[in-house]
1. Would you kindly derive the ³J(HN,Hα) couplings of the stretch 10-23 from the backbone phi angles with the Karplus curve 6.51 cos²θ - 1.76 cosθ + 1.60 (θ = phi - 60°), listing them in order in whole Hz, with x for Gly and Pro?
2. Considering Cα pairs under 8 angstrom that are at least six residues apart, work out the relative contact order of the stretch 132-184 and quote it in whole percent.
3. First check a/c for the stretch 152-236, with a ≥ b ≥ c the square roots of the eigenvalues of its C-alpha gyration tensor; if it is under 1.5, answer rounded, and if not, answer prolate when a/b is larger than b/c or oblate otherwise.
4. Amide H neighbours of Leu231 under 5 Å, at least 5 residues apart or on other chains, H built in the peptide plane: list them.
5. Please give the Cα centre distance for the stretch 163-200 versus the stretch 213-271, rounded to the nearest Å.
6. Could you list which residues have their amide H under 5 Å from that of Leu281, counting only those 5 or more apart in sequence or on another chain, with H placed in the peptide plane?
7. Which whole-Hz ³J(HN,Hα) couplings does the stretch 24-35 yield from phi under the Karplus relation 6.51 cos²θ - 1.76 cosθ + 1.60, θ = phi - 60°, glycine and proline marked x?
8. Once ligands and nucleic acids are excluded and a 1.4 Å probe is used, how much of Asp246 is accessible, expressed in Å² to the nearest 10?
Amino acid sequence: MYKSKENFEFQKKLTFIIVFLFSIKLIAWYFTNSVAILTDTLEYTINVISGFIGLYSLYLSAKPKDKNHPYGHGKVEFLSATIEGTLMIVSSFVIIYEALNNLKHPHELKQLDYGIYLIALTGVINYIVGYLSIKNGKKNNSLALVASGKHMQSDTYATLGIVIGLILIYFTHYAWIDSAVAFIFAIIIIVSGYKILRTSIAGIMDEADDELLEKMVSYCQENRRENWIDLHNLRFIKYGGTLHLDCHLTIPWFFTIREGHLEVDELEKTVKNNFGDSVELMVHTDGCLDFSCKICTKKECPMRKHEFVKTIEWTIENISIDNKHRLD
C-alpha cells in the first residue's frame, strides 16, 4: 500500500510538469507556425490527457482492498496504459494528415530560432522526467508510471528530430522538411503506442511474464533449502504494483503443521527479499511421496525409502507444471 501511495504522489508531480511543458510547446507553435512543432504539441496533448488518467488510475490503485475488489484496484493501471497507447496511435494519424496537408498548402514559417530554443528545452526536461518515471515505475511495479515514462522518452527522441529539422529549415529554407520531419516521427509514435498497448493488454489478459518468472525461479533456486523438495504449479497475476503469486511447495510428509508453516515463511521471506512487500504469496504445501526421495537432498531423513540420485534444477518449464517432479 505504501508503494501505491508513493506512485500516486509521483504521478501528481509528473502531471504538473506535463501541463507546464505543454504550455511551452503551445507558445513555440504560436511563434513559429511550424507543422513539425504542431506535431509535437498535438502528440503532447495525449501526455496531458494520459497524465490525468494515470493520476486517477493510481489514486484508485492506492485504495485498500474492499468487498468488491478482494485483490485490490491495481488492474486499473492496465486500463490507463491501454488508453494512453490508443491515444498515441490516434494522434499519429492526425499528425500524418497535417503533414500531408502542409505539403499541399505550405504554411509560412517564422521566428524559428525561438521555436528551436523552446522545443529543445522541453526535450531535455522531458527526458529527465521520463527517466525518473520509468525508474520509479520499475521499482514499485507500476505499469502506469513505466508507460508514462516511455511515452515521455519517445517524445524526447521525436523532439530531438524536430529540433534538427527546424535547424535545417532555418539554414536551408526548404519548407518541405517541416512536413517530412512530422511524418517520420508520427511513425515512431505509432510504434511506441503499439508497444505500450501490447504490454497493457498482456497485463489485462494475465499473460505470463517470462522475464519476471525467470528472475523469480532463479532466485528461489539459488536460495533453495533442503526441506524444499519440490516447487511446482507456480503462477502469478499482476494487479498494478502488486504481484499475487501462488505455488505448491513439497516438504517432508512427516512435518508437523508448525514445521510446514515455518518452511512457507522462509519461502515468503526469500521471495520478498528480492521483490519487496509488493508480493502476496499463497503457498499450498504437499507432502513428499516415495519417488521424491531420489531428488531430495535432506541428509538426515528418518523416513527415506530411496537413495538420493540428483537434484532437479528448477526452471520456468518445470516449475510451472501441475505435478510433483520425479526422475522417472
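The values are calculated or read from the model by the stated rules, or taken from the named source; none is laboratory data. Just so it is clear, the structure is predicted and the values come from calculations on it, not from any experiment. For accessibility, only protein heavy atoms count, side chains too; no ligands or nucleic acids. Shrake-Rupley method; radii C 1.70, N 1.55, O 1.52, S 1.80 Å.
1. Result, ordered by residue: 5, 5, 4, 5, 4, 5, 4, 5, 4, 5, 4, 5, 4, 4 Hz.
2. Numbers: 32 pairs, mean separation 11.8, N = 53.
Answer for the stretch 132-184 is 22 percent.
3. Working: a/c = 8.03, a/b = 3.39, b/c = 2.37.
Because a/c hits 1.5 or more and a/b exceeds b/c, the stretch 152-236 counts as prolate.
4. Those lying under 5 Å, H to H, from Leu231 are Thr250.
5. The stretch 163-200 and the stretch 213-271 have Cα centres separated by 48 Å.
6. Under 5 Å from the amide H of Leu281 lie the amide H atoms of Leu245, each far enough along the sequence or on another chain.
7. 5, 5, 4, 5, 4, 5, 4, 5, 9, 6, 8, 6
8. Number for this one is 50 Å².
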